[in-house]
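**Q** Let me give you the structure first, and then I'll get to my questions.
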Amino acid sequence: MKIPLAVPNLLGREAEFLQECITSTFVSTVGPFVDQFESEIAALSGTQKAVVLCTGTTALQMALEGLGIGNGDLVVIPTMTFIATANAVSHSGAKVWIMDVSPETWTLDLDLLRSQILTETDPHPRGRFHRASGKILRALMPVMIMGAVLDFDALVNLAREFGLKVVVDAAAAIGTRAAGDQPIAATGVDAVCYSFNGNKTITTGGGGAIAAADTALMSHIRHLISTGRVGANYDHDVVAYNFRMTNVQAALGLAQLERLERFLTRKAELRNHYAALALRHAHLHPFPQAPYGRNGHWFSGFWYSGADLSLCDDFRSHMNAAGIDLRPFWKPIHLQTPYLSSLATPMPVADSLWQRLFPLPCSTHITEAELAQVTEAADAFWAVHR
Ligand SMILES: *Cc1c(COP(=O)(O)O)cnc(C)c1O
């Protein structure tokens, strides 16, 4: 069997909590684990309330819809992300405006963003009027890529200057802290969304969460994701969703949260290990991280800056042959079939970058022997391909 990229670490109290769901019969959307998981996510995020959901994708979609964003609206996303970011915008009824990323941070390039807003849009009571599409730019959806901390101050200032909302795709960023050790949902952004899919830092099997400082927004979102029910009977006041998390999923999540600190410490160690590996080779570099706050290091590895792009495929084949799972990373959104004709900036950074990324095995319970196997295989390849 290959050393996998990232698999769940279920070596804590997961089985015990799951058994409690069976014993108590609380296996569905109501239950003590759901409430407790929500409070702990809120506490971690720096908010009073959090709402947990069935996936990270629905978390992003519901954050937008909760803020009243939908048909006729535009949402800016970076092209370097998982397809879910774009799909969440589409499901809300809004359209994506895809932007290239900063070569330093790999997320939204705030200079590019500002110049696009200034040249393509005019002021509008609900945001900015985008002249070419006739749509209203309402929100920014920056991505904390690999769990990297954003420059929240700059982001929030820019959003306020132009009357835009900020919904952060923090799918891979549970437990991260902004500059000054601030919790990420207390930075002035409108909402922060997490994913607890199987390969994320903590998992609930599948799941997501939204944390927002605005408690009225949180109540509205809770209403939207739980069928729009009013009172105890079958009365519903809006066409809503059933996007809730179950007590079984929350049971897993709570057991995972008990070890979040250890997971983050291990992820940071793996990051440092792969950064040291990269530094031994002329054209290899670690993934970006912010020099402030606490980064999540969901995935770590390195990227290749050399001239011979064919080496990237060769390296993947070499690692696979050595029993290590290494696949191409996310293909940028502007190259994905459903988004080929979306509004988009030129993409010099993402176009050149995406095939050069190598996310290496980073499960929190990877053994030292496995780590040595990965390291030796990578060193051997790059020692002869300079
Ligand atoms: C995993 C992920 C999501 C989506 O989460 P799901 O729980 O799989 O729906 C969204 N954005 C990013 C950046 C992700 O990595």
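**Q** Any chance you could count how many residues in the stretch 170-211 are in a helix (DSSP H, G or I) and surrounded by 24 or more Cβ atoms within 10 Å (Cβ to Cβ)? Quick ask: steps written out before the conclusion?
**A** Start the filter on the stretch 170-211 by keeping residues that are in a helix (DSSP H, G or I), which leaves 179-181, 184-186.
Of the ones still in play, those that are also surrounded by 24 or more Cβ atoms within 10 Å (Cβ to Cβ) are 184-185.
Qualifying residue count for the region: 2.
**Q** Moving on. Restricting to the stretch 33-47, give me the number of residues that are within 10 Å of residue 254 (Cα to Cα) and of a type in the set (Asp, Glu).
**A** Going residue by residue through the stretch 33-47, those that are within 10 Å of residue 254 (Cα to Cα) are 33-34, 36-38, 40-41.
Retained after the next criterion (residues that are of a type in the set (Asp, Glu)): 38, 40.
The number of residues fulfilling the criteria is 2.
Table: residues versus (1) in contact (Cβ under 8 Å) with a residue 24 or more places away in the chain; (2) of a type in the set (Asp, Glu).
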| position | (1), (2) |
| --- | --- |
| 292 | yes, no |
| 297 | yes, no |
| 337 | no, no |
| 341 | no, no |
| 344 | yes, no |
| 355 | yes, no |
| 358 | yes, no |
| 363 | yes, no |
| 368 | no, yes |
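**Q** Which residue pairs have Cβ atoms closer than 9 Å, lie 6 or more positions apart in sequence or on different chains, and pair a first residue in the stretch 144-155 that is at pLDDT 95 or above with a second residue that is away from the ligand (no atom under 16 Å from the Cβ) and among the aromatic types (Phe, Trp, Tyr)?
**A** Pairs found: 149/292; 151/292.
**Q** Let me ask something else about it. So in the stretch 159-198, with the set limited to residues that are of a type in the set (Asp, Glu) and touching a residue at least 60 places away in the same chain (Cβ under 8 Å), which one is nearest to the ligand (Cβ to nearest atom)?
**A** Residue satisfying both the conditions and the ranking: 169.
**Q** Continuing with this model, one more query. Working carefully through the options 50, 94, find the one that is touching a strand residue (DSSP E or B) at 6+ places or on another chain (Cβ under 7 Å), of a type in the set (A, V, I, L, M) and without any contact (Cβ under 8 Å) to a residue 60 or more places away in the chain.
**A** 94
**Q** Looking at residue 149, is it under 19 Å from the mean Cα position of the chain (by Cα), away from the ligand (no atom under 14 Å from the Cβ) and in a loop (DSSP other than H, G, I, E, B)?
**A** Working: under 19 Å from the mean Cα position of the chain (by Cα): yes; away from the ligand (no atom under 14 Å from the Cβ): yes; in a loop (DSSP other than H, G, I, E, B): yes.
So residue 149 fits the description; yes.
**Q** If you don't mind, another one. Confirm whether residue 129 is away from the ligand (no atom under 16 Å from the Cβ), at pLDDT 95 or above and within 30 Å of residue 301 (Cα to Cα). Break it down stepwise before answering.
**A** On the way: away from the ligand (no atom under 16 Å from the Cβ): yes; at pLDDT 95 or above: yes; within 30 Å of residue 301 (Cα to Cα): no.
Here the answer is no, as residue 129 does not meet what is asked.
**Q** Search the stretch 65-88 for residues that are touching a residue at least 60 places away in the same chain (Cβ under 8 Å) and basic (Lys, Arg) and pair each with any residue that is assigned to a strand (DSSP E or B) and near the ligand (Cβ under 9 Å from one of its atoms) when their beta-carbon atoms are under 6 Å apart and the residues are at least 6 apart or on different chains.
**A** Every condition considered, no pair remains.
**Q** Residue 292 fails exactly one of the following numbered conditions: (1) in a loop (DSSP other than H, G, I, E, B); (2) within 16 Å of the ligand (Cβ to nearest atom). What is the number of that condition?
**A** Checking residue 292 against (1) in a loop (DSSP other than H, G, I, E, B); (2) within 16 Å of the ligand (Cβ to nearest atom), the one that fails is (2).
**Q** Consider residue 120 against the criteria (1) touching a residue at least 60 places away in the same chain (Cβ under 8 Å); (2) at negative phi: it satisfies all of them except one. Which criterion is unmet?
**A** That leaves (1) as the condition not met.
**Q** If we scan the stretch 11-31, do we find a residue that is within 16 Å of the ligand (Cβ to nearest atom) and either among the polar types (S, T, N, Q) or not in a loop (DSSP other than H, G, I, E, B) (or both)?
**A** Step one: filter the stretch 11-31 for residues within 16 Å of the ligand (Cβ to nearest atom), giving none.
Taking every residue of the stretch 11-31 in turn, none turns out to be within 16 Å of the ligand (Cβ to nearest atom) and either among the polar types (S, T, N, Q) or not in a loop (DSSP other than H, G, I, E, B) (or both).
**Q** Right, another one. Given (1) touching a residue at least 24 places away in the same chain (Cβ under 8 Å); (2) over 27 Å from residue 15 (Cβ atoms); (3) surrounded by 15 or more Cβ atoms within 10 Å (Cβ to Cβ); (4) not polar (S, T, N, Q), where does residue 280 come up short, assuming only one miss?
**A** In the conditions (1) touching a residue at least 24 places away in the same chain (Cβ under 8 Å); (2) over 27 Å from residue 15 (Cβ atoms); (3) surrounded by 15 or more Cβ atoms within 10 Å (Cβ to Cβ); (4) not polar (S, T, N, Q), residue 280 misses (3) alone.
**Q** Picking from 352, 342, which residue would you name as being surrounded by fewer than 15 Cβ atoms within 10 Å (Cβ to Cβ) and of a type in the set (Ser, Thr, Tyr)? Before you say what the answer is, go through the steps one by one.
**A** Details: 342 fails: surrounded by fewer than 15 Cβ atoms within 10 Å (Cβ to Cβ).
On inspection, the qualifying residue turns out to be 352.
**Q** Now a separate question. Only one of these conditions is not met by residue 216: (1) small (Gly, Ala, Ser); (2) within 30 Å of residue 156 (Cβ to Cβ); (3) assigned to a loop (DSSP other than H, G, I, E, B). Which number is it?
**A** Of the numbered conditions (1) small (Gly, Ala, Ser); (2) within 30 Å of residue 156 (Cβ to Cβ); (3) assigned to a loop (DSSP other than H, G, I, E, B), the odd one out for residue 216 is (3).
**Q** Mind listing whichever residues of the stretch 199-220 are within 16 Å of the ligand (Cβ to nearest atom) and touching a strand residue (DSSP E or B) at 6+ places or on another chain (Cβ under 7 Å)? Walk me through it before giving the result.
**A** From the stretch 199-220, those within 16 Å of the ligand (Cβ to nearest atom) are 199-211; that's our starting set.
Within the stretch 199-220, 207, 208, 209, 210, 211 meet the criteria.
**Q** Here is a follow-up. Looking only at the stretch 220-230, decide whether some residue is buried (at least 16 other Cβ atoms within 10 Å of the Cβ), free of Cβ contacts under 8 Å to residues at least 40 places away in the same chain and within 25 Å of the chain's Cα centre (by Cα).
**A** The answer is yes; a qualifying residue exists.
**Q** Out of all the residues in the stretch 295-316, which are part of a helix (DSSP H, G or I) and closer than 16 Å to residue 359 by Cβ? Full working, then the answer.
**A** Kept after step one, since they are part of a helix (DSSP H, G or I), are these residues of the stretch 295-316: 310-316.
Those that are part of a helix (DSSP H, G or I) and closer than 16 Å to residue 359 by Cβ: 312, 313, 315, 316.
**Q** Take the residues of the stretch 318-339 that are aliphatic (A, V, I, L, M) and assigned to a loop (DSSP other than H, G, I, E, B): which is surrounded by the fewest Cβ atoms within 10 Å (Cβ to Cβ)? Don't jump to the end; show me each part of the working.
**A** First, the residues of the stretch 318-339 that are aliphatic (A, V, I, L, M): 319, 321-322, 324, 326, 333, 335.
If we keep only those that are assigned to a loop (DSSP other than H, G, I, E, B) as well, we get 322, 326.
Details: 322: 17, 326: 23.
Looking at the filtered set, the residue picked out is 322.
**Q** Can you name the number of the only condition in (1) of a type in the set (A, V, I, L, M, F, W, C); (2) within 15 Å of the ligand (Cβ to nearest atom); (3) outside any strand (DSSP E or B) that residue 113 fails?
**A** (2)
**Q** Can you find, within the stretch 43-66, the residue that is surrounded by the fewest Cβ atoms within 10 Å (Cβ to Cβ) among those that are in a loop (DSSP other than H, G, I, E, B) and away from the ligand (no atom under 15 Å from the Cβ)?
**A** Step one: list which residues in the stretch 43-66 are in a loop (DSSP other than H, G, I, E, B), which gives 46-48, 54-55.
Next, only the ones that are away from the ligand (no atom under 15 Å from the Cβ) stay: 46-48.
On the way: 46: 17, 47: 22, 48: 14.
Result: 48.
The values are calculated or read from the model by the stated rules, or taken from the named source; none is laboratory data. Predicted model only: the values in this text are computed from it and were never measured. Here the Cβ is made from the backbone with ideal geometry for all residues, glycine too, and neighbour counts use every protein chain on show.
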